[in-house]
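All remarks here apply to the structure that follows.
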Amino acid sequence: MKIPINWLKEYINIKDSPESLADKLTMSGTEIEAIDFGTSSFSGVLVGEILEIKKHPNADKLQIAIVNAGKEKLQIVCGAPNIKIGQKVPVALIGTKLGEFEIKKINIREVNSSGMMCSEAELGISDDHTGIMILDTRAKVGEELGKVLDSGEVVLDAEITPNRGDCLSIIGIAREVAAVNNKKLKIQKTKVKEINKKTSDFVEVKVEDKDLCPHYIARVVEGLKVGPSPKWMQDRLFACGIRPINNIVDATNYVMFEWGQPLHAFDFSKLSKNKLNKAEIIVRKAKKGEKLATLDGIERKLNDKDLVIADPSGSIAVAGVMGGANTEVDNDTKTIVLESATFDPTSVRKTAQKFNLRSEASNRFEKNIPMPLNEIAIDRAAELLTEVAGGKILEGRVDVLSKWIWIQHIGLKVSRLEEFLGKKIPVNEVIKILRSLGFKAEKFDIVKEAKKHLGKPYKYGANFKEDGVDAFDCSYLTDYLYSQINQFVGYTSLAQYELGKPIKDNNLQSGDILFIKGHINKSVTDHYFIPKDNDGYKKIILDKPKEVGHNGIYVGEGKVVHARHYQYDNKTKKWVKVAKEGEVVEESIDVYLKNPEYLGARRYVENINDWIAVTVPWWRLDVKIEEDLIEEIARIYGYNNFPSTLPSGKLPESFENKEIKWTDLIKDILVGAGFFELYNYSFVSKEILEKFNIDSKNCLKIANPLSSEQGYMKTSLVPSLLVNVLKNESNFESFKIFELAKIYQKQKELPKEIKFLAGALVNPNDLGIKYKNGKEFYSVKGVIELLFEKLGIVKSDIDYKEASIDYLHPGRSAEILIKNKKIGEIGEIHPEVVQDFGLKNRVAVFNINFSDLLNYISDVKAFSPISKYPTVVRDLAIVVDEKITTESILVAIQKSDKLIKGVKLFDVYTKKELKNKKSLAFRVIFGLDTKTLSEDEINSAYEKIVKILEKKGAKIRK
Amino acid sequence: MQGKINKLEKEALSRIKEADSLKKLENLRILYLGRKGELTKILRGLSDLPTSDRPKIGALANKIKGNIEKTIINKSKNINQAKVGKIAETEWIDITAPGTEYPNGHLHPITQFIKKAVNIFISMGFEIYESPEIDFAYYNFDVLNVPKDHPARDVWDTFYIDDRKDFSDDKKMLLRTHTSNAQVRAMENRKPPVRIVVPGRCYRNENIDTSHEATFYQLEGFVIDKGIRVSDLLGTLNFFARRIFGNDVETRARPHFYPFTEPSIDFDVSCIFCKGYGCSVCKKSGWLEVMPCGMIHPNVLRKMNVDPKTYSGFAFGFGIDRLMMLYYGIDNIRLSYSGDLRFLEQF
């Protein structure tokens, strides 16, 4: 919201500099995002007058304007549709810089253009780029634009949080300034001079939907002369960011900015009249299919969820959103009906959203308008209309109030304040802060409160709505007293008896309530009501009826205050009406304690002296609970005056998050192996899904995606990894990447989110065996082997099975199984997919279900003693048929003899001259943990291996 | 005898002097001082001498033995020195040539930053919790005191999942707009006291530019116990800010509004670029807004089945991406999700 400081100063003395004021407001919760000093320079931009407009010979959408810029006449090519001859416009001369953009002499489709006419957006005045900015016709040609526009007005730009609708007004901000500076507001009383004609003779208001319009006020102002509003009003509206229109509209807008109440004016002459010649205003829901042309000239299709203002002939405004063209104020308007109302915030919001008509007005209605404001604002508008448009105000307001104007009381517990804040703020300071914000606040003294009402009449069934504080019955008196600190004690004596904590008679404190059976005849004995958390009441039914007919509040010094109608006659042992009608009296506590029908005492609040009774001002609809009050105190006191402490108290249960632990470990392992971790979006396009043969129907679809590129939720990490490879292979010859992220599987309720670990690599350059074919495959296999080993997965539990997977190379891919359960796959990307993606290199990937993998990870490590005896290493090279798997040979060697401690492949050799055979070289380790092996033992074990391998058709290379 | 010994000494010393390798020197040592060496023989032969001669000859032989030993040691030092002096020349390598390559992977900077942040909270006894990215509006909004059709919902531009039109509003599925959806979820099987942090990916339907991304990471945290105070919130965040930005960082707490906290605060740190003097990064204010936070609203506590009369708590949440960008001076948020290794290799 824009806050012109001079306007603010009308309601509050301000000595602060704009910067210091901005800082104070920011630090108390009204964030000032910018200070506009009103001196923006538009050097090189002059006022020009359009003298001539011609069509561009070579472009349909362009025009050629001849513009008088004072010293010279310029030919300017322009694409904006809104220019007309005679208009005054801002002209940027050649050489002028607008932001980063410099105006140069250019040739647009063979027509020279020397300068530029500017939109508000181009000048940085607003976001409006719909057309060229049109200046006041009085602006002097050739004058610097700054001289015409700059107001010298200092304006703060504030971000108002959604809870503070009251701050969408200059007065609301003034209240904030009053609180932070601890100064008094000075708001002049509105003076409404009414003439001798009754409003109610001219207009009638029928509110059909009381829920959506709890309060509607109308006034009639006649004798108006429509014209421009005075300069001071125009300047302020301009400073607030809206364009002046005419004195009537400007006056209503002025009040909206001043007080926060959006108002609307209907032309009285355009409203249809009833038999009594009165305008009839009806507030109702729109009928299905009803249409209304709004002020912007667009016909709006309404439905039965939209609230409208109507007259008997049809709708005349979309309530809280926009007026209808049919009753619009025009230059001939003499008499208007002014509307000031409160509409249901949700209803306004939905309708405004539906029509894409979020405006200053709807924004305020959406935040809820406090009903007492309706009256203040309509009177203020009437006053202004007299001042700026010569209006005469008819007598009285037509006022339809359909809802209780709630006054919010809150009890603030002083001890809790300190416990909650971690800082002791003296009670006096607390009260001072609350009062500076317009709250009523005082130390709660229940005795004083009770005695205030002594002598007031007794009325059975008295309540706040009907009686206020003019009459009481016994339970209403106690209920009312406790309502001052918003403590619910119960509506009836029975409820209060049931809800309080029993207290012994010798332990009474002020505020405790004493009960006697009393005169029962009309009292309910079997149930009572308590309010529910969110509106409404809950009925509590007793097991057995109880007769609790009367009570009084203990006020100390042996006295009780109660609203009494009957007195106990000790002789007849009966209740008799007191001589008078009954009243609130102070009597000795013996009236209770010594009565044979005495039922006991109850307590509701532990320490009755610990409370501050607070009444929330009508404009603060956001303050409802104790925490809200605490925030008010803390923000004005200043959070930076608080100490820094750390939470103390009991140690929480400690859970190690294993998933996070393994995640970190896995990432570290992969990074250690030379992988780059990268992050991809969770979204995927339909096109990519198709390339991967994934049916988009099986994917979650975003209802409102940013672009079609991001239309679906991923079901595999691999496609985006291939896109990553594509992007990087032009910059890097060899690289390895991985991602640990979620995929999303559609199912009945919430989708399954499964974490996957996937990686890809190009041109691996690893240590160890140099495979001639499929080095990419072996590289991913190698890293998976390393990973599993580090994760404590036993080698014998892992299997690699040849598999056919759509996107993988049919001869170079495998499923990974752990304990016979598939956990993922590795392989080279299918050459067709490589081609589809336009990749240069062979790419191998791994794709592992991380959520499943977690089940097999173990950090249990068991130590086995290191053998005392030496081992012996022998190498063995064989030539064997290509199709005999390396795995089978390794197993055969390992199992050949108990002396084999280990075996490792260290070289693979395939060459044409070997034909369909391959040469493999193994390193075999011999040893026993119990003794040193002799040469003979090793030789015989070695021979065993040779024999077994020869049986498999292997030739031993010597 | 005496003459023989002296002659031996002379010969030995001169041969030691001529020796030009350690090997030769060792041979000389064996020749003279070894078990079967010349001098050893003489010493062994002492018993054959007359008793009167023995002390004198013995002393002489021992003296010469010591002398030879010393000379050999000195000579071997000389030989070594000469040799080492030579290898500087003979075995010279170009030490400016690059070292051999090792695998050189990189963790994504967001991963690194989350780890850094989370570890600070772990040191304060926090537990890590994760919540789903696709959730019901109920957990993302309703339980957090953001009712349907409330203007407060406007703050979050939300992606919705398409195929659930048949469900009621609170069962509508969306991409979580913050990790706060974890608050009530975590408390469904926990009781206070709790200290929890929730890192995770969030989504907002915002137009993307250099400082806005539709995908981002958040770190949510909350503490619930008896007697948790506003000052505990400030202290916890101050501790965090100091650990991240250093002990000289200044912080401030500004009132704000969030539906799920009451009071609500925006926690700022002094601009790490200009140290509070005002620059383009902090928009001349000297402060960087880093963390929305506040005391958990009693309505939210109730949704957690926690009695607000007995317990209180605080919650905070911040965007990892933005903090990370500030920390490393990254000027374009989109790089994070570009998969460009030229970006990643810098971390």
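The values are calculated or read from the model by the stated rules, or taken from the named source; none is laboratory data. Given the structure is predicted, the values throughout are model-derived calculations rather than measurements. Please note: Cβ atoms are built from the backbone with ideal geometry, for glycine as well, and neighbour counts cover all protein chains shown. Each accessible area value is taken on the protein alone, full model and side chains, heavy atoms only, with ligands, DNA and RNA left out. Shrake-Rupley method; radii C 1.70, N 1.55, O 1.52, S 1.80 Å.
Quick notes on this one:
- Whichever residue in segment A:594-627 is under 18 Å from A:ILE405 (Cα atoms) and more than 14 Å from every other protein chain (Cβ to nearest Cβ) and, among such residues, is most open to solvent (accessible area, probe 1.4 Å): A:TRP618
- A:PRO90, sole failed condition from (1) in contact with a helix residue (DSSP H, G or I) (Cβ under 9 Å, 6 or more places away or on another chain); (2) assigned to a loop (DSSP other than H, G, I, E, B); (3) not charged (D, E, K, R): (2)
- Count - residues of segment A:562-592 that are surrounded by 14 or more Cβ atoms within 10 Å (Cβ to Cβ), in a strand (DSSP E or B) and either within 50 Å of the chain's Cα centre (by Cα) or not β-branched (Val, Ile, Thr) (or both): 10
- Once segment A:740-755 is narrowed to residues that are in contact (Cβ under 8 Å) with a residue 24 or more places away in the chain and part of a strand (DSSP E or B), the residue that is most open to solvent (accessible area, probe 1.4 Å) is A:GLN745.
- Residue under evaluation B:ILE68, criteria (1) open to solvent by less than 80 Å² (accessible area, probe 1.4 Å); (2) over 15 Å from B:GLN2 (Cβ atoms); (3) part of a loop (DSSP other than H, G, I, E, B), criterion not met: (3)
- Pairs linking a residue in segment A:906-926 that is open to solvent by 30 Å² or more (accessible area, probe 1.4 Å) to a residue that is part of a strand (DSSP E or B) and of a type in the set (Asp, Glu), with Cβ atoms under 9 Å and 6 or more positions apart or on different chains, are A:PHE906/A:ASP875; A:ASN916/A:ASP881; A:LYS917/A:ASP881; A:ARG923/A:ASP875.
- Checking each residue in segment A:18-72 for being among the basic types (Lys, Arg) and surrounded by 15 or more Cβ atoms within 10 Å (Cβ to Cβ) picks out only A:LYS24.
- Boolean, A:LYS147 is of a type in the set (Lys, Arg) and farther than 30 Å from A:ASN68 by Cα: no
- Scanning segment A:9-33 for residues that are touching a Leu at 6+ places or on another chain (Cβ under 7 Å) and in a loop (DSSP other than H, G, I, E, B) yields A:TYR11, A:ILE12, A:ILE14.
- Close pairs (9 angstrom Cβ cut-off, 6 or more residues apart or separate chains): in contact (Cβ under 8 Å) with a residue 12 or more places away in the chain in segment B:75-87, outside any helix (DSSP H, G or I) and exposed (fewer than 13 other Cβ atoms within 10 Å of the Cβ) anywhere: B:ILE79/B:ASP20; B:ILE79/B:SER21
- One residue from A:LEU263, A:LEU295, A:LEU302 being free of Cβ contacts under 8 Å to residues at least 24 places away in the same chain and surrounded by 13 or more Cβ atoms within 10 Å (Cβ to Cβ): A:LEU302
- Selected residue (only one of A:LYS661, A:LYS727, A:LYS691, A:LYS667 is open to solvent by less than 30 Å² (accessible area, probe 1.4 Å) and basic (Lys, Arg)): A:LYS667
- Enumeration of residues in segment B:188-199 that are buried (at least 22 other Cβ atoms within 10 Å of the Cβ) and either without any contact (Cβ under 8 Å) to a residue 40 or more places away in the chain or more than 9 Å from chain A (Cβ to nearest Cβ) (or both): B:VAL197, B:VAL198
- Filtering segment A:110-133 to residues that are open to solvent by 70 Å² or more (accessible area, probe 1.4 Å) and either within 18 Å of A:PRO81 (Cβ to Cβ) or in a loop (DSSP other than H, G, I, E, B) (or both) leaves A:GLU110, A:GLU122, A:ASP127, A:HIS129, A:THR130.
- Residues of segment A:415-424 that are surrounded by fewer than 19 Cβ atoms within 10 Å (Cβ to Cβ) and touching a residue at least 24 places away in the same chain (Cβ under 8 Å): A:SER415, A:ARG416, A:LYS423.
- Boolean, A:TYR778 is among the hydroxyl-bearing types (Ser, Thr, Tyr) and open to solvent by 50 Å² or more (accessible area, probe 1.4 Å): yes
- Sub-7 Å Cβ pairs linking a first residue in segment A:498-517 that is at pLDDT 95 or above to a second residue that is open to solvent by 50 Å² or more (accessible area, probe 1.4 Å), at least 6 apart or interchain, are A:PHE515/A:LEU599, ordered by first then second residue.
- Of all residues in segment A:787-795, one or more are touching a strand residue (DSSP E or B) at 6+ places or on another chain (Cβ under 8 Å), more than 11 Å from chain B (Cβ to nearest Cβ) and within 30 Å of A:ALA862 (Cα to Cα).
- Among the candidates A:LYS539, A:LYS546, residue that is in a loop (DSSP other than H, G, I, E, B) and touching a strand residue (DSSP E or B) at 6+ places or on another chain (Cβ under 9 Å): A:LYS546
- Residue ID - surrounded by the most Cβ atoms within 10 Å (Cβ to Cβ), chosen from residues in segment B:281-307 that are at positive phi and touching a residue at least 24 places away in the same chain (Cβ under 8 Å): B:GLY294
- Going through (1) at the interface with chain A (Cβ under 7 Å from one of its Cβ atoms); (2) crowded, with 23+ Cβ neighbours inside 10 Å one by one, B:TYR258 falls short only on (1).
- Scanning segment B:114-147 for residues that are at positive phi and more than 9 Å from chain A (Cβ to nearest Cβ) turns up just one, B:ASN145.
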